[in-house]
1. When you scan the range 40-57, how many residues do you find that are in a helix (DSSP H, G or I) and surrounded by 11 or more Cβ atoms within 10 Å (Cβ to Cβ)?
2. From ILE41, ILE61, grab the single residue that is of a type in the set (A, V, I, L, M, F, W, C), out of contact with any Leu (no Cβ under 7 Å at 6 or more places or on another chain) and without any contact (Cβ under 8 Å) to a residue 60 or more places away in the chain.
3. Across the range 16-33, what is the total count of residues that are surrounded by fewer than 10 Cβ atoms within 10 Å (Cβ to Cβ) and part of a loop (DSSP other than H, G, I, E, B)?
4. Scan the range 28-43 for residues that are closer than 18 Å to SER64 by Cα and not small (Gly, Ala, Ser) and jot them down.
5. Quick one: what pairs do we get from the range 1-15, first residue free of Cβ contacts under 8 Å to residues at least 24 places away in the same chain and under 20 Å from VAL25 (Cβ atoms), second not in a helix (DSSP H, G or I) and not β-branched (Val, Ile, Thr), C-beta under 8 Å, 6+ apart or different chains?
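Bear in mind that the values in this text are calculations on the coordinates, not laboratory data. Keep in mind it's a predicted model, so treat the numbers as computed, not measured. We place every Cβ from the backbone using ideal geometry, glycine too, and count neighbours over all the protein chains shown.
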Amino acid sequence: MTPDAALERQIELYRQMTGEQRLAVALRLHEMACDVAREGIRHQHPGAGEQEVERLLRERIELSRTL
């Protein structure tokens, strides 16, 4: 399957989902993105505790809203 065909199939599947199902997918993707960002923060700041990691994550999210 080509990338374009895969994208079209994915869109087709999303259109078949209920609003609740699409929201659940979006929330899982958001949490996955936050997990990836947390790992990046831990890599950049190896001594940071969980509270510091969460603070830095919130800063990144806020920064992204201003860009």
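1. The first filter runs over the range 40-57 and keeps only residues in a helix (DSSP H, G or I), leaving 40-44, 50-57.
Among the residues that remain, those that are also surrounded by 11 or more Cβ atoms within 10 Å (Cβ to Cβ) are: 40-42, 52-57.
Residues in the range 40-57 being in a helix (DSSP H, G or I) and surrounded by 11 or more Cβ atoms within 10 Å (Cβ to Cβ): 9 in total.
2. On the way: ILE41 fails: out of contact with any Leu (no Cβ under 7 Å at 6 or more places or on another chain).
Unique residue meeting the criteria: ILE61.
3. Total satisfying the criteria: 1.
4. Applying the first criterion (closer than 18 Å to SER64 by Cα) to the range 28-43 yields 29-41.
LEU29, HIS30, GLU31, MET32, CYS34, ASP35, VAL36, ARG38, GLU39, ILE41 - these are the residues of the range 28-43 that are closer than 18 Å to SER64 by Cα and not small (Gly, Ala, Ser).
5. Note: pairs meeting the criteria are ARG9/MET1.
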